[in-house]
Amino acid sequence: MPALPRRPVSYVHVASCLAVLLAAAAAPALAADDTGAADPPGLKRFEGSEIFFQSRADFDQLKVALEKVEWDVSNAVVKPFRSTTVEGRRTTTYYRLPERVTTLEAFRGYRQELEEAGFEIVFAARGEALETPSYNNQIAREVYRMVGNYGTPEEKAQWPFQHTDERQAAYVAGRKVGADGAETWAATYIVPNTHANWLKIPEGVVLARVDLLEVKARQQRMTLVESDEMAERIALDGRIALYGIEFDHDSAEIRASADPTLAEIAKLLKERANLSILVVGHTDTQGSFDYNRKLSQRRADAVVARLATLGVAKERLFPVGVGFAAPVATNATEEGRARNRRVELVDLAGGKFP
């Protein structure tokens, strides 16, 4: 596949070229792309770059910044900023760019590539035009939700983006609508690596995260679990996992699609007046444990609050958020992560809470 255009080299002095060639001959060869990785559909890579991690999902979200992310120093919070969140088939690719490539060169190259691929640029900025420097890399936190440590391969890939020099970072995002009306979004976050030999990448080498999302509706895979089935599973196992309660991304706001499942839970509790339950929120491992535990607690609280509006006494409902402490599948795949994102009803069975 052709590569992104590089700067012209006609100005380079012959002696400099010879020095570069000698250095390249002495240096070890770059490693190949990560196993199974490939360039996102329809996008070219920067010439000489390598993929060091890639993830894909048939259905996921991508948040796209539409303006600068600013830090409110007085209140120690991020100021509200324009953004959009799109859903569909996502490919996320982490590239290591060749040595001596600057973030400016990468920024210009990726912007040109998006434009040539038919994308309308919705936001592009570098340095202080992108975010307020020295306040914990808010593009990484607020746009990409990079809040984890480095417990998983993807968190390891994210780490340099969470801890970089914002004054050199760059971002470019675009939207394309095909002739058939299909909508595609792309975003690239470019940073210098500030960690010596993290993932065997030298300090100063430029890294790029490229996200491509093909907008599509979610395939309906969950069937409504009715109150009778809930009662049977709870009687047999003491618990039941439910997947019909969905939330907005990175939020405790319950989606309208959850209404039928919540109505069945309320029906169950009204029919079985002696049943008290733990409402347990579970997440996948994307993000830190502390962050996910708090998010799952807020979501469990939201479910209890909604059930109370449906006529269930709050005294019979006990919200608990456990984050990703109790997976039912591997978190190494999107399918497994989807199974781990759930709400469980657990029979209190005479136990005391709290």
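Nothing in this text is a laboratory measurement; each read-out follows from the coordinates by a stated rule. Note that this is a predicted model, so its numbers are computed, not measured. Quick reminder, even Gly has a Cβ in these numbers, built from the backbone with ideal geometry, and neighbours come from all protein chains shown.
The alpha carbons of region 243-354 occupy a box of 40, 31, 20 Å along the principal axes, longest dimension given first. In a simple Cβ point-charge model (Lys, Arg +1; Asp, Glu -1; nothing else charged), region 30-215 has a dipole of about 220 debye relative to its Cα centre. A simple count of charges around Ser288, restricted to other residues whose Cβ falls under 12 Å of its Cβ and scoring Lys, Arg +1 and Asp, Glu -1, yields +2. The C-alpha atoms of region 142-278 occupy a region whose extents along the principal axes are 64, 43, 21 Å, arranged from largest to smallest. Taking Cβ atoms as reference points and 15 Å as the exclusive limit, the residues near Ala349 contribute a net charge of +2, counting Lys and Arg as +1 and Asp and Glu as -1.
Sorting 127-133, 77-83, 296-302 by average packing, meaning the other beta carbons within 10 Å per residue, from highest down gives 296-302, 127-133, 77-83. Exceedance of the 22 Å cut-off in Cα-Cα distance is limited, within the set Lys44/Lys68; Lys294/Lys314; Lys63/Lys216; Lys267/Lys314, to Lys44/Lys68.
With both residues required to sit in the chain, DSSP beta bridges show an antiparallel share near 90%. Here the convex hull built on the C-alpha positions of the chain has a volume of 164 cubic angstrom per residue.
Cross-link reach is defined here as a Cα-Cα straight distance under 14 Å, omitting same-chain residues fewer than 8 places apart; for Lys352 the aspartates and glutamates meeting it are Glu315. Using equal-weight Cα scatterers in the Debye expression, the normalised intensity of region 299-338 in log10 at q = 0.18 Å⁻¹ is -0.62.
Consider all pairwise Cα distances in region 30-215 and report the whole-number % of them above 26 Å. Counting pairs separated by more than 26 Å, the tail of P(r) holds 25 percent.
Across the alpha-carbon set of region 222-283, the Rg to Rh ratio works out to 0.97, Rh being the Kirkwood radius. Arranged from fewest to most other beta-carbon atoms within 10 Å of their beta carbon, Val346, Val172, Val177 become Val177, Val346, Val172. Spatial offset of region 48-107 relative to region 113-189 amounts to 2 Å, using the alpha carbon center of each.
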